[in-house]
Each structure stands twice: as C-alpha cells, then as structure tokens.
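A short worksheet on the structure shown next.
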Amino acid sequence: MISRGMLRRIRTALLAAIGVLYVVSLPWYRDPEAPVETVYGFPDWVAVAIACYVGVAVLNAAAWLLTEIRDPGTEDGDAE
C-alpha cells in the first residue's frame, strides 16, 4: 500500500507537470519569422497545444484518482 505522504508527492508532481504542459502549450517559443508547418492538417503550434491539453486531461484524471475524498459525516467517531 502506498502511504499518504507518497500519494501527496505523486499528486504534487502530477500537478507540476500540468503546469509545465500549460506553459509549453503557448507558442511563445516560436520565431515569428519561422515558416508554419502542418501536422495532421493543423499548424504545428496548434498540434503542440492540442497534445498538451490532452496530456493535461490525462494527468488531471490521474491526480483525481490519487485524491482521497472523505465524506464529512463519516469520520472515525461519527458512525451511524
């Protein structure tokens, strides 16, 4: 079984990776003079952005799967 601390570190790493993907998805790194290439019919910067957003969705789903959600009415001493 994975400890809560380890789950927290994994979830934090996933959220950091999501932040990196959002930064990479912006075309700020492109040279304005560079010719536009197409990838699957999209400009290359659009294909990169779409791939990043798909990655964000997958990592976000993984982070939610690792998140323990407690029902406020079912603490240890609150059994019905």
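What follows is calculated from the coordinates using simple rules that are stated; it is not laboratory data. What you see is a predicted model; the values in this text were computed from it and never measured. Cβ: placed from backbone, ideal geometry, glycine included. Neighbour counts: every protein chain shown.
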Here are LEU21, LEU7: which of them is surrounded by 10 or more Cβ atoms within 10 Å (Cβ to Cβ) and free of Cβ contacts under 8 Å to residues at least 60 places away in the same chain?
-> LEU21
Of the residues in the range 24-35, those that are more than 22 Å from VAL56 (Cα to Cα) and either of a type outside the set (A, V, I, L, M) or touching an Asp or Glu at 6+ places or on another chain (Cβ under 7 Å) (or both) number 4
Of the numbered conditions (1) under 30 Å from MET1 (Cα atoms); (2) surrounded by 14 or more Cβ atoms within 10 Å (Cβ to Cβ); (3) small (Gly, Ala, Ser), ALA57 fails exactly one; give the number of that condition.
-> (2)
Conditions (1) touching a residue at least 12 places away in the same chain (Cβ under 8 Å); (2) exposed (fewer than 10 other Cβ atoms within 10 Å of the Cβ); (3) more than 21 Å from ARG4 (Cβ to Cβ): number failed by ASP31 | (1)
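One residue is enough: does the range 37-45 have a residue meeting the conditions over 20 Å from the mean Cα position of the chain (by Cα), part of a loop (DSSP other than H, G, I, E, B), loosely packed, with under 10 Cβ neighbours inside 10 Å and not aliphatic (A, V, I, L, M)?
Restricting attention to the range 37-45, the residues satisfying the condition of being over 20 Å from the mean Cα position of the chain (by Cα) are 37-44.
In the following step, the residues that additionally are part of a loop (DSSP other than H, G, I, E, B) were identified as 37, 40-41.
So of that shortlist, the ones also loosely packed, with under 10 Cβ neighbours inside 10 Å come out as 40-41.
Within this subset, residues satisfying the condition of being not aliphatic (A, V, I, L, M) are 40-41.
For the range 37-45, residues over 20 Å from the mean Cα position of the chain (by Cα), part of a loop (DSSP other than H, G, I, E, B), loosely packed, with under 10 Cβ neighbours inside 10 Å and not aliphatic (A, V, I, L, M): present.
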